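In what follows, a structure is listed as structure tokens, so that the remarks can point back to it.
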Amino acid sequence: MTATALLPSWSHPVRAAVPPFTEAGLRRILEKVQRWAPYVDGLLLDDVAAVLDDYTPTEDEVDEHAQRLRGHLMRLVHLAVTSKVTERDERVADLVGRGRTVRSEEVPSDHRRAVGHIRRMAWTLDELLELLVAHQCLTEAP
């Protein structure tokens, strides 16, 4: 059985807590956290493989692949820039530029050209991923 004991009361003055952000600032941070999508290596490789495989995506699948590849490109480009690898390696800087260009282009309406477009995105992703692993921006190859 445990005995109860009285604790002495606190007699020192304490400053009122001051939150580090305003209410609007906290809302902005919450919105960013809710929109955040974690970098998932397996998904990136699955998406790249689905596009570069011998199987040609159908017209219905092209837009979905393009959207997913754009998201992966955005994350890897951001990682390359924030880790400042683009300043140290010209190949990474070139891939970042190519990634930004291909990501911002519209998917062509012609199916054959659309498949070529998403394959260019996938190849850029694959090369950029390989270089970021070599520069140890990612701990290991997924």
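The values are calculated or read from the model by the stated rules, or taken from the named source; none is laboratory data. All of these numbers come straight from a predicted model, not from anything done at the bench. Here the Cβ positions follow ideal geometry from the backbone for every residue, glycine too, while neighbour counts run over all protein chains shown. Just so you know, the surface numbers come from the protein's heavy atoms only, side chains and all, with ligands and any DNA or RNA stripped out. Shrake-Rupley method; radii C 1.70, N 1.55, O 1.52, S 1.80 Å.
A Cβ distance below 7 Å, combined with a sequence gap of six or more or placement on separate chains, defines the contacts here; from segment 79-101, residues that are under 13 Å from L131 (Cα atoms) reach residues that are surrounded by 17 or more Cβ atoms within 10 Å (Cβ to Cβ) and small (G, A, S) in the pairs T86/A80; V92/A80; V96/A80.
Would you mind stating whether D89 is open to solvent by 70 Å² or more (accessible area, probe 1.4 Å) and of a type outside the set (V, I, T)?
Numbers: open to solvent by 70 Å² or more (accessible area, probe 1.4 Å): no; of a type outside the set (V, I, T): yes.
When the stated conditions are applied, D89 does not pass them.
Among the residues making up segment 47-66, those that are without any contact (Cβ under 8 Å) to a residue 24 or more places away in the chain and surrounded by 13 or more Cβ atoms within 10 Å (Cβ to Cβ) are A50, E61, E64.
Selection over segment 102-132 of residues that are without any contact (Cβ under 8 Å) to a residue 24 or more places away in the chain and surrounded by 15 or more Cβ atoms within 10 Å (Cβ to Cβ) gives a count of 1. Residue pairs whose Cβ atoms lie under 9 Å apart, separated by 6 or more positions or on different chains, with the first residue in segment 24-39 and under 26 Å from L129 (Cα atoms) and at pLDDT below 80 and the second among the charged types (D, E, K, R) and open to solvent by 70 Å² or more (accessible area, probe 1.4 Å), are A37/R75; Y39/R75.
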